[in-house]
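The values are calculated or read from the model by the stated rules, or taken from the named source; none is laboratory data. All values reported here derive from a predicted model rather than from experimental measurement. All Cβ positions, even for glycine, are placed from backbone atoms using ideal geometry, and neighbour counts span all protein chains on display.
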């Protein structure tokens, strides 16, 4: 676990400069009042995950990591745990924006545990699809996949966030414990967890066979 933590730290240090390019986009979304927590958290987290994987390939970091006293399974686990660290960074950013909006009397969409749960599910869903592709396709195919994933998460976060803003779906969500919305979201959460487990198993097998 100690080695996994160091690998996660490596990913964070690898991408923090590149994440600065999304800050203008997020500030614009906040200023135009069309953004929600899904945009402020999900988008940066996925960008950081995709960017860290891309830089690993471009800088041949995989070969260097393979020479360290860490197993291939630990490398795979570190990638999946990285999305949690990146989501926490996104939450911190969302919290700062929320605080600034309150200080400047700018109307924004408040968020709580239901919205955080929604963001976590979205990030885990994207991770479950992206990482097996990362361990399978290698450097050649990942350039196209990276572009497609970033575009999809940017558009998807904005669309879903707007829906939640207009219809206030999450107020009756999992943590509310009442109504059909809570049951449906609980089913979705279980499905995503199952998909995540299958994704981890697949990534472990793919990376074990990968020629580094």
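Of note:
- Some residue of segment 158-179 being modelled with pLDDT of 75 or more and assigned to a helix (DSSP H, G or I): no
- Screening 117, 90, 35, 95 for residues that are under 17 Å from the mean Cα position of the chain (by Cα), modelled with pLDDT of 70 or more and under 19 Å from residue 155 (Cα atoms) leaves exactly one candidate, 90.
For every residue, the table says whether it meets (1) at pLDDT below 65; (2) within 17 Å of the chain's Cα centre (by Cα); (3) surrounded by fewer than 13 Cβ atoms within 10 Å (Cβ to Cβ).
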{"site": "4", "(1), (2), (3)": "no, no, no"}
{"site": "15", "(1), (2), (3)": "no, yes, no"}
{"site": "19", "(1), (2), (3)": "no, yes, no"}
{"site": "22", "(1), (2), (3)": "no, yes, no"}
{"site": "60", "(1), (2), (3)": "no, no, yes"}
{"site": "66", "(1), (2), (3)": "yes, no, no"}
{"site": "69", "(1), (2), (3)": "no, no, yes"}
{"site": "75", "(1), (2), (3)": "no, no, no"}
